[in-house]
Amino acid sequence: MRLRPFTVDVLLALGQVALLALIGPEAAAVGWSDLDLRGYALALLVIAPTAFRSKAPLLVCLVTYAIWTVYVLAGYWPVVTSFGPMLCLYTVALQRQTRTTGVCAALLSAIWVLGSLVSQDHASVPSVAAQALGINALVWRMGYLARRSAELARKTRAEQQERARHAVVEERGRIARELHDVVAHHMSVISVQAGLAKFVFDSDAKTARAALGTISGTSTEALEEMRRMLRVLRAQDDDGEVPDAPMPGLARIEDMTDRVRAGGVPVEFRVTGTPRPIAPGVELCAYRVVQEALTNVLKHARQASATVELHYHRDHIEVSVTDNGEGVIPDRVRSPGGHGLIGMRERAKLYGGTISIGPRSVGGFAVRLTLPTSARAAPPGDDTTE
């Protein structure tokens with residue numbers, strides 16, 4: 001059960017009053033003066049400030065010490081009211097710096113020894129002094145450790161919140177890249193096919209129908225990918241578990257090239273080496289890079305021809321997309337800082353790969369991606385390309 005600090009302070013003060021009522025009458029039995037009306041009044045004055053210790057710990061501590069000193073000098077049994085001053089020392093040690101708390105501990109020990117001197121039992125002074133130093137040092141140490149633990153807990157929570165914030169930012173970046181790749185590619189294909197269908201609608205019904213069919217298939221695939229992403233996001237919001245939704249991989253690159261070819265860009269797809277299972281994240285990375293590269297061809301060089309090559313090596317794969325540069329539309333060529341190029345570089349870096357993006361010496365543009373894979377998954381001797 002969680003209680004407010006003030007409620008806890010009041011309950012502890014009431015506990016001290018109950019302790020006073022229980023052991024106060026025993027003062028005469030241990031050699032101290034009986035608690036009379038003045039003694040009980042002073043004891044209650046010692047206890048009363050402790051009900052506000054959490055609100056003003058240092059002030060309450062000093063006030064309690066002052067009243068307790070008066071109580072001790074009056075010749076009353078210190079043990080009856082010793083819990084309040086020790087509680088104040090613990091609270092100060094919990095909330096204040098070491099130098100301040102050390103002074104408070106020394107003051108409390110001095111008052112404790114003062115009580116032994118007032119009792120005129122000077123033989124017990126060394127024993128009382130040792131007890132005062134030992135017990136008060138223990139109380140101070142407990143408060144100090146509690147304060148350090150609280151500081152460490154706050155620091156840990158702050159670090160966890162910062163890590164969570166970074167994770168959210170990274171996840172948003174990943175989702176933004178996925179959305180960019182899905183929307184940019186599929187909308188580029190749809191735009192090209194829609195333009196083609198509009199151009200030949202009256203003169204070539206067969207070509208127009210084929211273009212509309214491509215638009216239908218492309219839009220369906222885009223919607224499927226968007227739904228997959230939404231399922232992932234909803235599952236993460238609900239229970240943190242990601243559903244086993246299929247992600248695009250190397251096997252779908254050929255379908256992508258067919259779609260781009262239907263959009264009017266001649267695309268050749270070649271695979272060399274021995275195909276083998278690759279980690280899903282690596283496959284998705286390669287797929288998205290090819291998708292972005294072909295999207296740029298559709299947007300910037302619709303009259304060009306492109307080649308997509310997939311090379312399986314023993315411990316890595318290479319993917320390249322090149323075009324001959326014919327029909328480049330200069331106004332549509334973006335600067336190197338475009339979101340698509342940045343996204344490709346970030347994907348390659350995420351999986352420990354390398355990527356080169358730039359113009360070719362013989363004309364056109366080339367994107368070459370190298371991604372490491374598990375060497376154990378490679379068939380023996382599969383370290384060359386044809």
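The values are calculated or read from the model by the stated rules, or taken from the named source; none is laboratory data. Quantities reported herein were computed from a predicted structural model and do not represent experimental measurements. Because the Cβ atoms are built from the backbone with ideal geometry, glycine has one as well, and the counts that use them run over all protein chains shown. When the accessible area is computed, the model is the full protein with side chains, heavy atoms only, and any ligands, DNA or RNA have been set aside. Shrake-Rupley method; radii C 1.70, N 1.55, O 1.52, S 1.80 Å.
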TODO: Give me the pairs, please: first residue somewhere in segment 129-146 and touching a residue at least 40 places away in the same chain (Cβ under 8 Å), second residue anywhere and among the polar types (S, T, N, Q) and surrounded by 14 or more Cβ atoms within 10 Å (Cβ to Cβ), beta-carbon distance under 8 Å, and either six or more positions apart or on two chains.
DONE: ASN136/SER109; TRP140/THR101; GLY143/THR91; GLY143/THR101; TYR144/THR101
TODO: Could you list all residues from segment 276-313 that are open to solvent by 10 Å² or more (accessible area, probe 1.4 Å), among the polar types (S, T, N, Q) and not in a strand (DSSP E or B)?
DONE: ASN296, GLN303, SER305
Open item on the list: So for segment 18-32 (the condition being at pLDDT 85 or above and either under 23 Å from SER149 (Cα atoms) or of a type in the set (Ser, Thr, Tyr) (or both)), does at least one residue qualify?
Closed with: no
Task: Scope segment 51-70; condition modelled with pLDDT of 90 or more and of a type in the set (Ser, Thr, Tyr); matching residues - done: THR64, TYR65, THR69
Task: Failed item, numbered, when ASN136 is tested on (1) of a type outside the set (Ser, Thr, Tyr); (2) within 22 Å of VAL30 (Cα to Cα); (3) assigned to a helix (DSSP H, G or I) - done: (2)
Open item on the list: Every residue in segment 258-278 that is of a type in the set (Gly, Ala, Ser), touching a Ser or Thr at 6+ places or on another chain (Cβ under 9 Å) and under 16 Å from LEU298 (Cβ atoms), please.
Closed with: ALA262, GLY263
Open item on the list: Suppose we keep only residues that are among the acidic types (Asp, Glu) and assigned to a loop (DSSP other than H, G, I, E, B) within segment 7-50. Which one would you say is most open to solvent (accessible area, probe 1.4 Å)?
Closed with: ASP34
Open item on the list: Just to be sure I understand the filter: pairs with C-beta atoms under 9 Å, separated by 6 or more residues or on different chains, first member in segment 149-166 and without any contact (Cβ under 8 Å) to a residue 40 or more places away in the chain, second member assigned to a helix (DSSP H, G or I) and open to solvent by less than 70 Å² (accessible area, probe 1.4 Å). Which pairs pass?
Closed with: none
Task: Positions within segment 355-364 being part of a strand (DSSP E or B) and either closer than 18 Å to ALA286 by Cβ or open to solvent by 80 Å² or more (accessible area, probe 1.4 Å) (or both), in sequence order - done: ILE355, SER356, ILE357, PRO359
Open item on the list: Contact list please: Cβ distance under 8 Å, first residue in segment 264-276 and farther than 27 Å from ALA210 by Cα, second residue open to solvent by 20 Å² or more (accessible area, probe 1.4 Å) and polar (S, T, N, Q), pairs at least six apart or on different chains.
Closed with: THR272/THR385; GLY273/THR384; GLY273/THR385
Task: Residue ID - farthest from the chain's Cα centre (by Cα), chosen from residues in segment 314-340 that are at pLDDT 70 or above and open to solvent by less than 40 Å² (accessible area, probe 1.4 Å) - done: GLY325
